[in-house]
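Encoded as structure tokens, the structure appears first; notes follow it.
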Amino acid sequence: MFVLVNLKAYPCDPVEVATAAADVSDDSGVRVAVAPQAAQIGAVAETGVETWAQHISAVEHGSHTGSTLAEAAADAGAVGTLLNHSENRLKLADIDGALDAADRADLETIVCANNPAQIGAAAALDPDGVAVEPPELIGTGTPVSKADPDIVTGAVDAAARVNGDVDVLCGAGISTGEDLVSASDLGASGVLLASGVAKADDPRAALEDLVEPLL
Ligand SMILES: O=C(CO)COP(=O)(O)O
């Protein structure tokens, strides 16, 4: 299972979370990555943790003030990027353009979507992975795998129908090892989560709890 921790714009210490994630990944053998704010990619990558961007723009080098250039994210240490997160929705053409940009910079890609129909559309654009996250469950602590398991199995089916190569993650309310196991049982190959780690009093303990059933 792939555990991808999105730090959003939460007021956590990204280096503390990243250091814990690197240690937990090393100790457990579970793939754990952290997606910090763009300006913190370098500091997070220096901890040795697998580092992802939260977003990149569909632009090349040029006059694009305020953009997040794929090459800049990669130079800073990112090896992958989320796209189209529910809190940073993109037009279809911009998802496609950002996938091209990621390709150019050798970044792995996960396109987020709200539901199985959108997952099918996202998978057709041929990212490395897709992540289904029902917006109404994001940040609630109620895991999608329990509250809406059909959305996870529906996403797995929708992706497989369109593109057999794409990984399917699920997210929203995931915070425990039990949630991780349910996600895996529903066919997901990873989880995308945020508040369960970024807002935890002890992010290291939260990460240890997450991977515990996989040991
Ligand atoms: O949006 C999410 C991850 O990208 C999910 O957030 P929570 O884990 O806080 O529900």
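What the table shows:
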read-out	value
Filter result for Gly42 (on the phi > 0 side of the Ramachandran plot and either small (Gly, Ala, Ser) or open to solvent by 30 Å² or more (accessible area, probe 1.4 Å) (or both))	no
Residues satisfying the stated conditions in segment 127-176, i.e. more than 16 Å from the chain's Cα centre (by Cα), closer than 18 Å to Leu92 by Cα and not polar (S, T, N, Q)	Ala158, Ala159, Val162
Selection from segment 87-98 of residues that are closer than 17 Å to Ala123 by Cβ and in a loop (DSSP other than H, G, I, E, B)	Leu90
Top-ranked residue of segment 116-137 - restricted to ones that are open to solvent by 50 Å² or more (accessible area, probe 1.4 Å) and not hydrophobic (A, V, I, L, M, F, W, C), ranked as farthest from Ala172 (Cα to Cα)	Asp126
Output for segment 91-115, where each listed residue is open to solvent by less than 70 Å² (accessible area, probe 1.4 Å) and over 19 Å from His61 (Cα atoms)	Glu108, Thr109, Ile110, Val111, Cys112, Ala113, Asn114, Asn115
Filter pass, Thr109 being closer than 18 Å to Val166 by Cα, at pLDDT 95 or above and among the hydroxyl-bearing types (Ser, Thr, Tyr)	yes
Residue list for segment 138-153, filter: of a type in the set (A, V, I, L, M) and buried (at least 16 other Cβ atoms within 10 Å of the Cβ)	Ile138, Val144, Ile151, Val152
Among the residues listed as Ala200, Ala172, Ala206, the single one being farther than 19 Å from Ala147 by Cβ and crowded, with 22+ Cβ neighbours inside 10 Å	Ala206
Hey, Ala35 more than 16 Å from the ligand (Cβ to nearest atom) and modelled with pLDDT of 95 or more or not	no
Out of Asn88, Asn84, sole residue that is open to solvent by 20 Å² or more (accessible area, probe 1.4 Å), over 27 Å from Glu212 (Cα atoms) and within 13 Å of the ligand (Cβ to nearest atom)	Asn88
Top-ranked residue in segment 72-81 [being touching a helix residue (DSSP H, G or I) at 6+ places or on another chain (Cβ under 7 Å) and not aliphatic (A, V, I, L, M); ranked as nearest to the ligand (Cβ to nearest atom)]	Thr81
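The values are calculated or read from the model by the stated rules, or taken from the named source; none is laboratory data. Everything quoted here is computed from the prediction, not taken from an experiment. Every residue, glycine among them, receives a Cβ derived from its backbone with ideal geometry; neighbour counts consider all protein chains shown. Please note that ligands, DNA and RNA were not included when accessible areas were found on the heavy atoms of the full protein model with its side chains. Shrake-Rupley method; radii C 1.70, N 1.55, O 1.52, S 1.80 Å.
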